[in-house]
1. What share of Cα pairs, in percent, lie more than 23 angstrom apart in the range 1-159?
2. Using θ = phi - 60° and the Karplus form 6.51 cos²θ - 1.76 cosθ + 1.60, what ³J(HN,Hα) does each residue of the range 63-75 get, whole Hz, x for Gly and Pro?
3. Which value, in Å³ per residue, describes the convex hull spanned by the Cα atoms of the range 64-122?
4. Say we join alpha carbon atoms closer than 10 Å with springs in a Gaussian network model of the chain; which of LEU152, LEU127, LEU174 then has the biggest fluctuation?
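Just so it is clear, none of the values below were taken in a lab; they were calculated from the coordinates. All figures in this text were calculated on a predicted structure; none of them were measured in a lab.
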Amino acid sequence: MDLSQFEQAAGLTPDEARRWIPHMRIALSEQGIRSPRDRAMFIAMIGHESQDFTRLVESFDYIPSVLQRSFNNRISWDQARILGATANRPANQEAIANVIYGGAWGREHLGNESWGDGWTFRGRGLLKVTGRQAYQNCSLTLGINLIAQPELLERDEYAVRSAAWLYACKGCLLYSGDLAKVTQQLCGTRRGLDDRRRRLLRARAALEGRISDWMREQDQPFPETSPREWRCVSRR
């Protein structure tokens, strides 16, 4: 995959593509993401989850209704009303993270051990590695100590390499070309399929040398997506 193909596949500017491609090449090789079909799927997934390679840290900037609807089995309406964003105050993002990623659910699904782990080990990287256990496991692959320095996943190199690690360890390479299944493997839901599909078709066209044909077929730009609605949590 050359620079031009990556730029077109991901929908990035030339400068953005130059920023990311050295790390992308290392990550793809490291995790065995080799076929054009798998690379297109990976690029589509990280483009969606990171809002075009711009968001490397999970946001908890939810209004109360969306917060409660998104995590209704882990946060009460009273908690959502107190912690969520309103016209008069920002969301208490640290408290939200500790509530929804804490307690028995956080221990079982994320390996979080104490209050504060939800915020400390919130989603980071292009696919949002989340939770103490995932950070620990990812540390072994990247050769760094993410428990002591979780913010390292905000660096470009580790943001990409952690995403490729998560993509591989979630078994996504077993479902090459199956958009719904890969989304389910990564997120536990199938949210955002329309946007993911559009990104996937673009990435495939670019990597197969058909980007001009693909662009001629498009009548509308990428649909707007909201991080309050589409975000997923990458578990162990």
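1. Considering the range 1-159, 46 percent of its Cα-Cα pairs are separated by more than 23 Å.
2. 7, x, 5, 6, 4, 5, 5, 6, 10, 5, 8, 10, 9
3. Spelled out: Cα convex hull of the range 64-122, divided by residues, is 73 Å³.
4. LEU174
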